[in-house]
Amino acid sequence: MSFKEVRPAQDSLERYGIKNADAKWNLSPSDLEKITLEKGLGELADSGALAIDTGKFKGRSPQDRFIVKDEITQDAVWWGNINIPFEPNHYSSLKGKVGEYLSGKEIYVRDVYACADDRYRLKIRVITELPWSNIFANNMFLRPSEEELKDFEPDWVVLNAPGFEADPAVDHTRQGNFAILNFSDQMAVVGGTGYTGEIKKGIFSALNFILPHQKNVLSMHCSANVGQDGDTALFFGLSGTGKTTLSADPQRKLIGDDEHGWTADDVIFNFEGGCYAKVIDLSEEKEPDIFRAVKPGALLENIVFKNGSKEVDYHDSSLTENTRVSYPIEHIDNIQVPSNGKNPKNVFFLTCDAYGVLPPISKLTPGQAAFHFISGYTAKVAGTEEGITEPQVAFSACFGAPFMPLHPTRYADMLSEKMQSSNVNVWLVNTGWSGGAYGVGNRMKLKYTRAMITAALEGKLDDVEYRTHEVFGLAMPTTCPNVPEEILFPRNTWEDKDKYDQTANNLAKKFLANFEKFADYASEEIMAGAPKVSEKVG
Ligand code: ATP
Ligand code: MN
């Protein structure tokens, strides 16, 4: 097969320790698709999307994410079990091995950008062992023009070698797989895992250091869209809370679905050039924009076909709950070009509360906003394991602790300041359970969550009456267009009111216990935004 390559003037890979490789530079996605099919590494779905299996890893592995501790990072990074330090000399030898591993192989090189605001553009070279990982890089990052590729010289380089296994005893990793960031070298080295999200989140983690620490830009784990009047909305939330789903709104232009910056002059810009959506239980009826984005060019991960066909069975979670699709943002109809917004007006904190305690929508004071941002609460449900009915509480600072190299309060301070100077409304939206905890109640209907967000965005919740939640102190609207009133107060939806009060109290205690590690930061204003455990309820 002969393919059209676009090579930059300086095309040596030896500087990354890769020798005599058969490197294919900047192939078109359709050529990469042909190679993937030819090598038997993927199959075409009837939608025309390419389906691949990411191998042993079907999700990120946060315990194997390291940052090299060097002059740049040692005093700046918040070290601990999230940002795990790695010795520079151990890094050098491991990187050398990865380079050797890729040497002599057919590999794929792709030059891309991150950051839609030109002032902060990062040039990235992604070198992948597998052809479909290279399609992922093309889908997810910003795509340079052919002219721009000709004199491309990267700022950062990602080495991606799923087939390389580290030896923990020698290489100082935890196990065979690893993702290591090095800020002096400006490289992310990923081995032993084919999960594509490691590429995307590696660069995201780098930007979460570079932008706030060196460029005075707040970086955020959120989606963003813009309304007809040019008002921008942000949707923060941990995995599975609804960032991608809720930002795809036919009435508003999508800026991006996962990673954004907020500049000193109040521009909101997307880091990426594509979306990475969960497809478990995807249906055209509930999520039409995402469903229709699964077409030629899209890359499906870890899905299963219906018996004997090439039709995706979106309900099948036998390989993983975390089935995914990546696609260039142009696969969504209504997008903002370039991916920048101005005039931030509304910020939503999405949480999937499996206890059914938090109201489906409530309005936050600045103190509550800071408290909830630092807390980063959501719940994970052990839905796939037999007999497990108890949800697992998860607190992840800034709604994205695994990707935040700096101390959470650094991001929180910047966000508080920006939210107050732009005078934004801050809403807490529970996309999780209602009518009882997981096992008793049900997940909030997507159409109601959408209606609540629309109402907030259109100012329809500005002049309604509010009631205060007894434990969490949150202001809950008493009416909302297109939403049944009885679901607006969670206590109403529970048959057993005592049980609700108890569950709410227990959750409040968990919030407070989690916040203890931020005691130094607990100003009066922020603690006024914390829940109050009631003495009356056991
Ligand atoms: P990630 O950070 O992993 O990309 P995300 O925040 O983008 O996660 P989504 O991909 O939007 O999360 O996933 C939300 C999932 O929850 C979707 O599968 C969606 O269909 C489902 N869902 C069910 N009910 C709701 C609801 N009320 N609001 C939002 N999402 C809901
Ligand atoms: Mn998402």
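The values are calculated or read from the model by the stated rules, or taken from the named source; none is laboratory data. Predicted, not measured: the structure shown is a model, and the values here were computed from it. Glycine also receives a Cβ, built like all others from the backbone with ideal geometry; neighbour counts cover every protein chain displayed. Surface accessibility is based on the protein's heavy atoms, side chains included, excluding ligands, DNA and RNA. Shrake-Rupley method; radii C 1.70, N 1.55, O 1.52, S 1.80 Å.
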Could you give me the ³J(HN,Hα) list for the range 88-98, computed from phi with Karplus coefficients 6.51, -1.76, 1.60 and θ = phi - 60°, whole Hz, x at Gly and Pro? x, 6, 5, 4, 4, 6, 5, 4, x, 5, 5
Per-residue ³J(HN,Hα) for the range 6-19, Karplus 6.51 cos²θ - 1.76 cosθ + 1.60, θ = phi - 60°, Hz, x for Gly and Pro: 10, 9, x, 4, 9, 10, 7, 9, 5, 5, 9, x, 9, 10
Take peptides 58-69, 263-274, 350-361, 199-210 and line them up by average Cβ neighbours within 10 Å, highest first, as a rough protection proxy. 350-361, 199-210, 263-274, 58-69
Given R₀ = 35 Å, FRET efficiency for residue 306-residue 150 by Cβ-Cβ distance, to 0.05? 0.20
HN-Hα J couplings of the range 219-236 from phi, Karplus 6.51/-1.76/1.60, θ = phi - 60°, integer Hz, Gly and Pro as x? 9, 9, 8, 8, 9, 8, 9, 10, x, 4, 8, x, 7, 9, 10, 10, 10, 8
Relative contact order, percent, of the range 274-331 when contacts are C-alpha pairs under 8 Å separated by at least 6 residues? 51 percent
Tell me, what % of the accessible area of the chain is carbon and sulfur with a 1.4 angstrom probe? 46 percent
Restricted to the chain, the DSSP antiparallel beta bridge percent, nearest 5, is 60 percent
With axes computed from alpha carbons, what is the tilt in degrees of helix 366-375 against the longest principal axis of the chain, rounded to the nearest 10 within 0 to 90? 50 degrees
On full extension of the chain, what length is gained from residue 79 through residue 292, given 0.36 nm per residue of separation minus the C-alpha to C-alpha distance? 72.5 nm
Would you please give the FRET efficiency between residue 465 and residue 41, computed as 1/(1 + (r/R0)^6) with r the Cβ-Cβ distance and R0 = 60 Å, to the nearest 0.05? 0.55
For a quick check: with amide H placed at 1.01 Å from N, whose amide H comes under 5 Å from residue 256's, ignoring anything fewer than 5 positions away on the same chain? 224
Residue 485 neighbourhood, Cβ < 15 Å, K/R = +1, D/E = -1, net charge +2
For residue 84, distant residues with modelled amide H under 5 Å away: 67
Subtracting the Cα-Cα distance from 0.36 nm times the residue separation, let me have the gained length for residue 523 to residue 417 in nm, one decimal. 36.7 nm
What does the accessible area per residue of the chain come to in Å², with a 1.4 Å probe and no ligands, DNA or RNA counted? 40 Å²
Checking the table 56/517; 123/295; 95/306; 201/253 against a 32 Å threshold on Cα-Cα, which pairs fail? 56/517; 95/306
If amide H atoms are modeled at 1.01 Å from N in the peptide plane, then the residues at a separation of 5 or more from residue 106, or on another chain, having amide H under 5 Å from its own are 22
